[in-house]
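No value in this document is a laboratory result; all are computed from the given coordinates. Since the model is a prediction, treat every value here as computed from it, not as a measurement. Cβ placement follows ideal geometry from the backbone for every residue including glycine, while neighbour counts extend to all protein chains displayed.
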């Protein structure tokens, strides 16, 4: 019997790719043959090919809501990407497309619609991004990480699923983490600072400025982003820094007692799945469309997170946040244990299986 085929798409950042990869083991259990369409230069290419998944690159351009000279050339890249996606889909003949968003996904979804291939989209953030908005008309169903998202999308297509989290993140080992970081085991609790694949400079600066007060009482593991290492701190007791971590991430999560993070949807759903007390510092409006602020407020309301606004970040407020979370860790963990967003992978894969099976 011929295996069914699914093409995953999404890229530009790890957040548009990693949740796709979280689905792969379960999709294989459903006996899907899997391929991926992404950009030529995005991080998704490295992440997907490392998993041995067939990868196709297409041209892509960003659809900006502000003036930029690239606004005059990127539409042609998008059109080229559409032609390339159309050719790939005609050749691969997938039964279904699953899109995680990012601008590379738009030509793929539009080409799928023209070829009458069913599409399922996943919206990570509480409020939809532009790329997904452009794709909604082609979607059979739109999976939502947040219940609140349903008010922003066609009600007949909305399905609350939560956000898929890689199963391997739940299998970390504290011992391996201590061996990797060379920190002393068992003497101090550990704070893990996660700024995403690109880092978070304001958070980096705030944490480093507070280190003299933190390090007598905590180990600090700092994921600061590419090009953002501070050489002056190399060799500092109880402090280690890395640009980016991949294979050891599960182990670092396992050793962490408190996590300081931006509030990207994928990151915070990982914290929820792992039941990790956390401090969220969402990107401010000046540097975003405000999606992280809404994500963080939703988690604060549910009792999952302490939220510290970026514009209020200082030695005093960060120390207060750490002390508050430390003193109320049990309450945060209990709230997360009662969450109902933890079965996203199974829920989404069941929907994919059903939709592909009903393909006309």
Review point. So which of 223, 192, 252 is farther than 27 Å from residue 288 by Cα and in contact with a strand residue (DSSP E or B) (Cβ under 8 Å, 6 or more places away or on another chain)?
Key: 252
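Can you confirm whether residue 263 is over 25 Å from residue 309 (Cβ atoms), in contact with a helix residue (DSSP H, G or I) (Cβ under 6 Å, 6 or more places away or on another chain) and crowded, with 18+ Cβ neighbours inside 10 Å? Spell out how you get there, then give the answer.
On the way: over 25 Å from residue 309 (Cβ atoms): no; in contact with a helix residue (DSSP H, G or I) (Cβ under 6 Å, 6 or more places away or on another chain): yes; crowded, with 18+ Cβ neighbours inside 10 Å: yes.
For residue 263, the condition - over 25 Å from residue 309 (Cβ atoms), in contact with a helix residue (DSSP H, G or I) (Cβ under 6 Å, 6 or more places away or on another chain) and crowded, with 18+ Cβ neighbours inside 10 Å - is not met.
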Exercise for review: Considering only region 6-34, state which residues are surrounded by fewer than 16 Cβ atoms within 10 Å (Cβ to Cβ) and in contact with a helix residue (DSSP H, G or I) (Cβ under 9 Å, 6 or more places away or on another chain).
Suggested key: 25, 29
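Give the residue that is surrounded by the fewest Cβ atoms within 10 Å (Cβ to Cβ), with candidates limited to residues of region 197-227 that are assigned to a loop (DSSP other than H, G, I, E, B) and in contact with a helix residue (DSSP H, G or I) (Cβ under 6 Å, 6 or more places away or on another chain).
Of all residues in region 197-227, those assigned to a loop (DSSP other than H, G, I, E, B) come to 197-200, 215-218, 224-227.
Okay, now just the ones that are also in contact with a helix residue (DSSP H, G or I) (Cβ under 6 Å, 6 or more places away or on another chain), so 197, 224.
Details: 197: 20, 224: 24.
Within region 197-227, the match that is surrounded by the fewest Cβ atoms within 10 Å (Cβ to Cβ) is 197.
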Check your understanding: Given 209, 182, which one is farther than 27 Å from residue 16 by Cβ, touching a strand residue (DSSP E or B) at 6+ places or on another chain (Cβ under 9 Å) and in contact (Cβ under 8 Å) with a residue 40 or more places away in the chain?
Key -> 182
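Residues to consider are 191, 142; find the one that is within 24 Å of residue 262 (Cα to Cα) and surrounded by 16 or more Cβ atoms within 10 Å (Cβ to Cβ). Working first, answer last.
Values: 142 fails: within 24 Å of residue 262 (Cα to Cα).
One residue alone meets the criteria, 191.
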